[in-house]
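A.B. asks: Pasting a structure here, questions to come.
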Amino acid sequence: MFDPNGPFMYGLVAVVILFVIAMSIRFIVLAWKRARQLGIDSAVLRRTAVSAAIFTVAPAVSILLGVIALSRALGFPLPWLRLSVIGALTYETPAAASAAAAVGTDLS
């Protein structure tokens, strides 16, 4: 029987998320190198990176809360995958509720 919290799901989700993180790091490195080639000062690049990191925290907190809220009904790996890659909590919660209603259950 399918286990939404089984090791297979955790492994599958970990592979996808590690791929997304690796590609993000690759593009950050390429962008940093290109910015240096264009003559942009390192201090400006650092300030930009810190600013981007700070403004990433607020949406990440809401996504984490969405993962926690959906994990009770759907298991942890599936919401973790969907919300870490897509990150649209305003879409995922109603979609999960609609899917649950279609199979005759609810998320609560």
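A.B. asks: Could you please let me know if residue 78 is under 22 Å from residue 20 (Cα atoms), buried (at least 16 other Cβ atoms within 10 Å of the Cβ) and in contact (Cβ under 8 Å) with a residue 60 or more places away in the chain?
C.D. replies: Against the criterion (under 22 Å from residue 20 (Cα atoms), buried (at least 16 other Cβ atoms within 10 Å of the Cβ) and in contact (Cβ under 8 Å) with a residue 60 or more places away in the chain), residue 78 qualifies.
A.B. asks: Next question, about the same structure. Among the numbered criteria (1) aromatic (Phe, Trp, Tyr); (2) surrounded by 13 or more Cβ atoms within 10 Å (Cβ to Cβ); (3) closer than 30 Å to residue 103 by Cα, which single criterion is violated by residue 32?
C.D. replies: With respect to (1) aromatic (Phe, Trp, Tyr); (2) surrounded by 13 or more Cβ atoms within 10 Å (Cβ to Cβ); (3) closer than 30 Å to residue 103 by Cα, residue 32 is out only on (3).
A.B. asks: Applying the selection to the range 61-75, what residues are closer than 25 Å to residue 22 by Cβ and out of contact with any Pro (no Cβ under 8 Å at 6 or more places or on another chain)?
C.D. replies: 61, 62, 63, 64
A.B. asks: Ok, one more. For residues that are among the charged types (D, E, K, R) and in contact with a helix residue (DSSP H, G or I) (Cβ under 8 Å, 6 or more places away or on another chain), tally how many sit in the range 45-100. Explain how you work it out, then say what you get.
C.D. replies: Initially, the range 45-100 is screened for residues among the charged types (D, E, K, R), giving 46-47, 72, 82, 92.
When the remaining residues are screened for being in contact with a helix residue (DSSP H, G or I) (Cβ under 8 Å, 6 or more places away or on another chain), the result is 82, 92.
Going through the range 45-100 one residue at a time, the tally reaches 2.
A.B. asks: Suppose we filter the range 1-44 for residues that are of a type in the set (A, V, I, L, M, F, W, C) and under 18 Å from the mean Cα position of the chain (by Cα); how many remain?
C.D. replies: Residues of the range 1-44 that are of a type in the set (A, V, I, L, M, F, W, C), as a first pass: 1-2, 8-9, 12-23, 25, 27-32, 35, 38, 40, 43-44.
Keeping just the survivors that are under 18 Å from the mean Cα position of the chain (by Cα) gives 9, 12-23, 25, 27-28.
Summing the residues that are of a type in the set (A, V, I, L, M, F, W, C) and under 18 Å from the mean Cα position of the chain (by Cα) in the range 1-44 gives 16.
A.B. asks: Also, I was wondering about something else. Based on this model, can you work out whether residue 47 counts as among the charged types (D, E, K, R), part of a helix (DSSP H, G or I), surrounded by 12 or more Cβ atoms within 10 Å (Cβ to Cβ) and over 14 Å from the mean Cα position of the chain (by Cα)?
C.D. replies: Working: among the charged types (D, E, K, R): yes; part of a helix (DSSP H, G or I): yes; surrounded by 12 or more Cβ atoms within 10 Å (Cβ to Cβ): no; over 14 Å from the mean Cα position of the chain (by Cα): yes.
When the stated conditions are applied, residue 47 does not pass them.
A.B. asks: Residue check: is residue 2 in a loop (DSSP other than H, G, I, E, B), aromatic (Phe, Trp, Tyr) and either closer than 30 Å to residue 101 by Cβ or in contact (Cβ under 8 Å) with a residue 60 or more places away in the chain (or both)?
C.D. replies: Values: in a loop (DSSP other than H, G, I, E, B): yes; aromatic (Phe, Trp, Tyr): yes; either closer than 30 Å to residue 101 by Cβ or in contact (Cβ under 8 Å) with a residue 60 or more places away in the chain (or both): yes.
Taking the combined requirement at face value, the residue satisfies it.
A.B. asks: Right, another one. Within the range 81-104, work out how many residues are without any contact (Cβ under 8 Å) to a residue 12 or more places away in the chain, surrounded by 11 or more Cβ atoms within 10 Å (Cβ to Cβ) and in a helix (DSSP H, G or I). Step through it out loud before you land on a result.
C.D. replies: Just the residues of the range 81-104 that are without any contact (Cβ under 8 Å) to a residue 12 or more places away in the chain, to begin with: 82, 86, 88, 90-91, 94-95, 97-99, 101-104.
Now restrict to residues that are surrounded by 11 or more Cβ atoms within 10 Å (Cβ to Cβ): 82, 86, 88, 91, 95, 97, 99, 101.
Those still in the list that are in a helix (DSSP H, G or I) too: 82, 91, 95, 97, 99, 101.
Residues in the range 81-104 being without any contact (Cβ under 8 Å) to a residue 12 or more places away in the chain, surrounded by 11 or more Cβ atoms within 10 Å (Cβ to Cβ) and in a helix (DSSP H, G or I): 6 in total.
A.B. asks: Show the residue pairs meeting these rules: Cβ distance below 8 Å; 6+ apart or different chains; first residue within the range 43-61 and within 23 Å of residue 80 (Cβ to Cβ); second residue surrounded by 11 or more Cβ atoms within 10 Å (Cβ to Cβ).
C.D. replies: 59/87
FYI, it's all coordinate maths here, none of it is from the lab. Remember, it's a predicted structure, so these values are computed and weren't measured experimentally. Don't worry about glycine lacking a Cβ; one is built from the backbone with ideal geometry, like all the others, and counts go over all protein chains shown.
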